[in-house]
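The values are calculated or read from the model by the stated rules, or taken from the named source; none is laboratory data. On a predicted model such as this, the values are computed, not experimentally measured, just so you know. Quick reminder, even Gly has a Cβ in these numbers, built from the backbone with ideal geometry, and neighbours come from all protein chains shown.
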Amino acid sequence: MKKIGVVLSGCGVYDGSEIHEAVCTLLAIDRNGGTAICMAPNAELSVIDHVTSQETGEKRNVLVESARIARGDIRDIKGVTAADLDAVVFPGGFGAAKNLCTFAMKGAAAAVHPEVARLLNEMATAGKPIGAICIAPALIAAVLGKEYATLLTIGSDAGTAAEIDKTGARHQDCPVTEIVVDTKNKLVTTPAYMLATHISEVADGIEKCVKAVMALI
């Protein structure tokens, strides 16, 4: 079975992984004959109340929170290398732009969690496929944009696209249920909740994304 890494960033759209996107990713991997290997960094996150959208002042652990989505079957990203994987996929959610990197606050000048950057660079160097969903392509741009001039999408938000272009990556507008495939760099991206108003749209785009990633292996 093809081993597909799934990098999570917490549990919940406002401070971690977008749960619908993460679950749709895991389901698509399983339906297409792959094995998901969930992972997350062992780092702190600031908690957002998902009823009020306000910070609670509480701190939680990204790895511990991500384990909720993975049903406890999760690894510290520090112990995962490109040699362990055939491909990797990054679901979206604000955690991808806040916990895995600082794109949400700093745009093109974002810093990236060192273990996340390491794994992405290893995957790119090894020529192994990468998938990114929703806002997660901004993370890919922050790590790989300058060296690889990656082609990717977050949908059609002009402000976010402009920041992505500043990294050296190239943004392409894309409808909600479609994908952008950078064949040269083996990168597949889809907008998901950057544009979606229905979970069915998210599921359709992610299914196409995961299929395309696995086809590039």
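Remark: pairs (first residue in segment 36-56, touching a residue at least 24 places away in the same chain (Cβ under 8 Å) and within 24 Å of ILE74 (Cα to Cα); second residue of a type in the set (Phe, Trp, Tyr) and in a loop (DSSP other than H, G, I, E, B); Cβ separation under 7 Å; 6+ apart in sequence or on different chains) = ILE48/TYR14; HIS50/TYR14. The residue pairs whose first member lies in segment 197-216 and is farther than 17 Å from ILE130 by Cβ, whose second member is of a type in the set (Gly, Ala, Ser) and surrounded by fewer than 20 Cβ atoms within 10 Å (Cβ to Cβ), and whose beta carbons are closer than 9 Å, counting only pairs six or more residues apart or on different chains, do not exist in this structure. Scanning segment 30-49 turns up at least one residue that is among the polar types (S, T, N, Q), out of contact with any His (no Cβ under 9 Å at 6 or more places or on another chain) and under 20 Å from LEU187 (Cα atoms). Here SER53 clears all of (1) at pLDDT below 95; (2) of a type in the set (S, T, N, Q); (3) more than 23 Å from MET194 (Cα to Cα) except the condition numbered (3). Take segment 15-31 and flag every residue that is in contact (Cβ under 8 Å) with a residue 12 or more places away in the chain, within 19 Å of ASP84 (Cβ to Cβ) and surrounded by fewer than 24 Cβ atoms within 10 Å (Cβ to Cβ). Residue satisfying the conditions is LEU26 alone.
Among the residues of segment 48-68, is any among the hydrophobic types (A, V, I, L, M, F, W, C) and in a strand (DSSP E or B)? Checking segment 48-68: at least one residue is among the hydrophobic types (A, V, I, L, M, F, W, C) and in a strand (DSSP E or B).
Please go through segment 147-164 and pick out each residue that is at negative phi, touching a residue at least 12 places away in the same chain (Cβ under 8 Å) and out of contact with any Ser or Thr (no Cβ under 6 Å at 6 or more places or on another chain). Steps first, please.
Pass one, segment 147-164, residues at negative phi: 147-148, 150-154, 156-164.
Checking the rest, the ones that are also touching a residue at least 12 places away in the same chain (Cβ under 8 Å) come to 147-148, 150-154, 156-157, 160-161, 163-164.
If the condition is that a residue be at negative phi, touching a residue at least 12 places away in the same chain (Cβ under 8 Å) and out of contact with any Ser or Thr (no Cβ under 6 Å at 6 or more places or on another chain), then GLU147, TYR148, THR150, LEU151, SER156, ASP157, THR160, ALA161, GLU163, ILE164 are the ones that fit.
Return yes when ILE74 is modelled with pLDDT under 95 and touching a helix residue (DSSP H, G or I) at 6+ places or on another chain (Cβ under 9 Å) and no when it is not.
On the way: modelled with pLDDT under 95: no; touching a helix residue (DSSP H, G or I) at 6+ places or on another chain (Cβ under 9 Å): yes.
No; evaluated as a whole, the condition is false for this residue.
Of the numbered criteria (1) in a helix (DSSP H, G or I); (2) aliphatic (A, V, I, L, M); (3) over 15 Å from VAL88 (Cα atoms), the one VAL176 fails is (1). A residue that is in contact with a His (Cβ under 6 Å, 6 or more places away or on another chain), over 22 Å from MET214 (Cα atoms), touching a residue at least 24 places away in the same chain (Cβ under 8 Å) and surrounded by 24 or more Cβ atoms within 10 Å (Cβ to Cβ) occurs nowhere in segment 59-67.
Can you tell me which residue among VAL89, VAL7, VAL80 is touching a Gly at 6+ places or on another chain (Cβ under 8 Å) and either crowded, with 24+ Cβ neighbours inside 10 Å or closer than 14 Å to ALA136 by Cβ (or both)? Can you show your working first?
Values: VAL7 fails: touching a Gly at 6+ places or on another chain (Cβ under 8 Å); VAL80 fails: either crowded, with 24+ Cβ neighbours inside 10 Å or closer than 14 Å to ALA136 by Cβ (or both).
Answer to the selection: VAL89.
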